[in-house]
Amino acid sequence: MPDLTSPTLLWVKFVLFLLVGALAAGLALFLFPDVKLALLMTIAIWAFARAYYFAFYVIEHYVDPSFKFAGLVDFVRYALRKRRP
């Protein structure tokens, strides 16, 4: 399957991710209304976003500029492989 390169489709994908995330968080808070749950979900979302940023932007721009990632599986392979001197 070829990479998605259409700017319009990439924006649609972005909006769909936002809608799915907002729907999931909204339903969780609707089913289990609790301030503690809302706070924990906020912290978890923030932490996962920062980890995603690290996995792609930080590694690619600061740690190993020669390596380009296609997805999280590639990042895990990269992170687990043994480093050679």
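Please return the longest range in the chain lying between exposed loop sites, taking trypsin sites (Lys or Arg not before Pro), DSSP loop only, at most 16 other beta-carbon atoms within 10 Å, and leaving the sites out.
Working: sites that count: Lys68, Arg81, Lys82, Arg83.
No qualifying site falls inside 1-67, the longest such stretch.
What are the chymotrypsin sites (Phe, Trp or Tyr not before Pro) within the stretch 1-78 that DSSP puts in a loop, where the Cβ has at most 10 other Cβ atoms within 10 Å? Could the numbers behind the result be given before it?
Details: sites: Trp11, Phe14, Phe17, Phe30, Trp46, Phe48, Tyr52, Tyr53, Phe54, Phe56, Tyr57, Tyr62, Phe67, Phe69, Phe75, Tyr78; in loops: Phe67, Phe69.
The qualifying sites: there are none.
Each of (1) 13.7; (2) 17.4; (3) 15.7 is a candidate for Kirkwood radius over Cα pairs in Å; the one calculated from this structure is (3). Placing +1 on the Cβ of every Lys and Arg and -1 on the Cβ of every Asp and Glu, with no other charges, gives the chain a dipole of roughly 400 debye about its Cα centre.
Read the figures in this text as sums done on the coordinates, not as results from a lab. The model shown is predicted, which means the values in this text are computed figures rather than measured ones. Every residue, glycine as well, gets a Cβ built from its backbone with ideal geometry; the counts of neighbours run over all protein chains shown.
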